[in-house]
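One structure below.
The values are calculated or read from the model by the stated rules, or taken from the named source; none is laboratory data. It should be emphasised that the depicted structure is a prediction, and the values quoted were computed from it without experimental measurement. Here the Cβ positions follow ideal geometry from the backbone for every residue, glycine too, while neighbour counts run over all protein chains shown. When the accessible area is computed, the model is the full protein with side chains, heavy atoms only, and any ligands, DNA or RNA have been set aside. Shrake-Rupley method; radii C 1.70, N 1.55, O 1.52, S 1.80 Å.
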Amino acid sequence: MREERGLGVGSKKKRLKNMKYEDYINLNYKPSRKDLICEFFLKTKGQHDLKRTAGGVAAESSIGTWTETSTLKPYMVKLGAKVFSFKKKGKHGANLKIAYPNELFELGNVPNIMSSIAGNIFGMKDVEGLRLNKIIFPKNIVKSFKGPKYGIQGVRKITKVKNRPLVGTIVKPKLGLNTIDHAKVAYDAWIGGCDVVKDDENLSSQSFNKFKNRLNATLKLRDKAEKITGERKMYMINVTAETKEMLKRAQLVEDSGNEYIMVDIVTSGWSALQTLRDANFKLVLHAHRAGHAAFDKNLEHGINMRVIAQLTRLIGLDQLHVGTAVGKMFESHEEVVDNVEALTEPLYGVKKVFPVSSGGLEPLMIPDLYKIFGKDVIMQFGGGIHGHPQGTLRGAIAARQALDATLKGISLKQYAKKHKELAGALGKWKA
Ligand code: CAP
Ligand code: MG
């Protein structure tokens with residue numbers, strides 16, 4: 001009988017002889033608080049047994065492989081991962097929950113965790129589709145990471161924006177502007193009302209706009225913009241590079257007295273992010289997720305954005321792009337809310353990450369964005385500010401006007417009667 005040989009019951013002799021994929025299923029298992037739990041969707045090819053493959057996912061990520069091995073020792077059996085929930089979905093699919101014993105993981109090591117739970121299993125022949133949707137981390141693993149240094153509250157303190165969404169822009173066009181023009185675009189956006197201005201994800205230190213020159217030129221105009229507006233203005237400069245170079249750039253930014261850097265988290269990789277966070281710079285870390293959709297766009301395969309958000313929070317970045325539900329990117333309202341939840345739900349005292357909404361946004365979308373996110377969001381408009389008919393400065397003014405109207409509960413159409421920049425945006429983007 002299966003119950004006699006699987007994980008948990010039966011004589012050691014029998015267990016060791018019979019550790020097949022099926023034996024990693026134990027629907028009677030009650031997960032312990034120390035287990036790390038993963039929720040997967042699994043789909044098999046027609047001819048393959050779904051339950052057996054589910055067991056294979058647990059086996060291959062813990063102590064099993066495709067055949068019985070003579071090297072499996074009795075003391076290891078307790079380290080087997082267990083499929084403890086199996087709910088069929090469609091003809092060849094199922095939602096699974098798998099419990100992984102705590103001891104399978106090295107503390108403070110995201111690459112190690114991901115190599116286990118989201119590694120080889122994606123490539124198994126029997127797996128038609130496998131999607132890691134969510135991780136529930138036990139306390140000791142959560143506590144082995146730094147978590148955000150600043151988080152939502154820290155960012156509000158630094159920016160002095162207490163009670164409203166932050167408004168930001170990405171300097172556009174994303175590549176090609178020379179350093180002086182880049183800095184001028186940032187300046188116009190700040191003067192018009194942007195709190196934060198960021199580089200685009202693929203701007204690093206190209207020959208037409210070198211990192212150090214850009215940092216100096218942009219901060220000079222940032223200081224001027226702060227003087228003129230009396231508001232705090234933030235520059236999120238992109239330090240993305242090979243890890244050692246990235247650390248050098250972050251150091252330059254800290255030395256310059258700037259408060260922020262941004263980094264492309266997917267292309268840089270978990271290890272580089274841990275190194276960056278562990279360096280403990282006095283810098284808010286803004287996480288851009290370029291490339292995430294290669295992992296999360298297919299609903300039946302890959303890694304859910306929620307998981308990327310969870311890991312980003314564990315490691316300790318302070319702000320993360322989470323989608324818009326209304327702009328140019330694909331994520332649904334439900335997915336965006338899920339991402340926000342991962343950044344802000346209670347997590348053993350770990351600080352909340354500031355959600356960033358970006359991608360094809362323009363000022364007329366602000367009422368919808370406010371409904372989705374509330375006040376704890378950084379709204380970023382690239383084309384939606386620089387594409388304003390009267391240019392960047394007026395584009396930024398229009399964005400702030402649209403936010404003011406929304407916070408006052410006035411319709412944009414009504415507000416635009418006395419606010420000509422918003423009227424310009426309405427003229428351009430009204431459906
Ligand atoms: C937006 C953007 C951001 C995307 C990233 C771009 O520009 O600068 O990188 O928001 O997507 O390059 O597309 P626009 P996500 O405002 O002009 O669209 O936030 O979904 O990760
Ligand atoms: Mg961009």
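If a residue has to be buried (at least 24 other Cβ atoms within 10 Å of the Cβ) and outside any helix (DSSP H, G or I) to count, how many in the range 331-356 make the cut?
So the answer is 4.
I need a count of the residues in the range 293-305 that are surrounded by fewer than 23 Cβ atoms within 10 Å (Cβ to Cβ) and either part of a helix (DSSP H, G or I) or within 9 Å of ligand 1 (Cβ to nearest atom) (or both).
Count: 3.
Just checking, does the range 131-148 include any residue being open to solvent by 60 Å² or more (accessible area, probe 1.4 Å), without any contact (Cβ under 8 Å) to a residue 40 or more places away in the chain, within 30 Å of Lys45 (Cβ to Cβ) and more than 16 Å from ligand 2 (Cβ to nearest atom)?
Checking the range 131-148: not a single residue is open to solvent by 60 Å² or more (accessible area, probe 1.4 Å), without any contact (Cβ under 8 Å) to a residue 40 or more places away in the chain, within 30 Å of Lys45 (Cβ to Cβ) and more than 16 Å from ligand 2 (Cβ to nearest atom).
What are the pairs with Cβ atoms under 6 angstrom where one residue, in the range 368-382, is closer than 13 Å to Val353 by Cα and the other, located anywhere, is within 16 Å of ligand 2 (Cβ to nearest atom) and open to solvent by less than 50 Å² (accessible area, probe 1.4 Å)? Sequence gap at least six, or different chains.
Correct list of pairs: Val377/Ser357; Ile378/Gly168; Ile378/Val356.
Starting from residues that are surrounded by 15 or more Cβ atoms within 10 Å (Cβ to Cβ) and of a type in the set (A, V, I, L, M, F, W, C), keep the ones in the range 199-213 and report whichever is nearest to ligand 1 (Cβ to nearest atom).
Among those residues, the one meeting the criterion is Leu203.
Inspect all residues belonging to the range 290-306 and state whether any of them is without any contact (Cβ under 8 Å) to a residue 40 or more places away in the chain and of a type in the set (Val, Ile, Thr).
No, the conditions are met nowhere in the range 290-306.
From the residues in the range 392-431 that are open to solvent by 50 Å² or more (accessible area, probe 1.4 Å) and small (Gly, Ala, Ser), which one is nearest to Val171 (Cα to Cα)?
Per the criteria, the residue is Gly427.
Kindly evaluate Lys146 against the criterion of being in contact with a strand residue (DSSP E or B) (Cβ under 9 Å, 6 or more places away or on another chain) and either under 29 Å from Pro346 (Cα atoms) or within 16 Å of ligand 1 (Cβ to nearest atom) (or both).
Details: in contact with a strand residue (DSSP E or B) (Cβ under 9 Å, 6 or more places away or on another chain): no; either under 29 Å from Pro346 (Cα atoms) or within 16 Å of ligand 1 (Cβ to nearest atom) (or both): yes.
Criteria not met by Lys146.
What pairs can you find where one residue is in the range 55-76 and under 26 Å from Leu96 (Cα atoms) and in a loop (DSSP other than H, G, I, E, B), the other is modelled with pLDDT of 95 or more and of a type in the set (S, T, N, Q), and their Cβ atoms are less than 7 Å apart, with a gap of 6+ or different chains?
Close Cβ pairs satisfying both conditions: Ser61/Ser116.
I'm trying to understand the selection: among the residues of the range 309-330, which are free of Cβ contacts under 8 Å to residues at least 60 places away in the same chain and open to solvent by 10 Å² or more (accessible area, probe 1.4 Å)?
Result: His321, Ala325, Val326, Gly327, Lys328, Met329, Phe330.
Go through the residues of the range 347-369 one by one and say whether even a single one is out of contact with any Phe, Trp or Tyr (no Cβ under 7 Å at 6 or more places or on another chain), hydroxyl-bearing (Ser, Thr, Tyr) and within 19 Å of Pro138 (Cα to Cα).
So far as the range 347-369 goes, yes, one or more of its residues are out of contact with any Phe, Trp or Tyr (no Cβ under 7 Å at 6 or more places or on another chain), hydroxyl-bearing (Ser, Thr, Tyr) and within 19 Å of Pro138 (Cα to Cα).
With the condition kept exactly as written, say whether any residue in the range 174-181 is over 30 Å from Ala398 (Cβ atoms) and open to solvent by 40 Å² or more (accessible area, probe 1.4 Å).
So the first thing to find is which residues in the range 174-181 are over 30 Å from Ala398 (Cβ atoms), and the list is none.
No - not one qualifying residue is present in the range 174-181.
Name every residue in the range 250-289 that is within 28 Å of Lys220 (Cα to Cα), open to solvent by less than 50 Å² (accessible area, probe 1.4 Å), touching a residue at least 60 places away in the same chain (Cβ under 8 Å) and away from ligand 1 (no atom under 12 Å from the Cβ), in order of residue number.
Result: Glu259, Tyr260, Arg277, Val284, Leu285.
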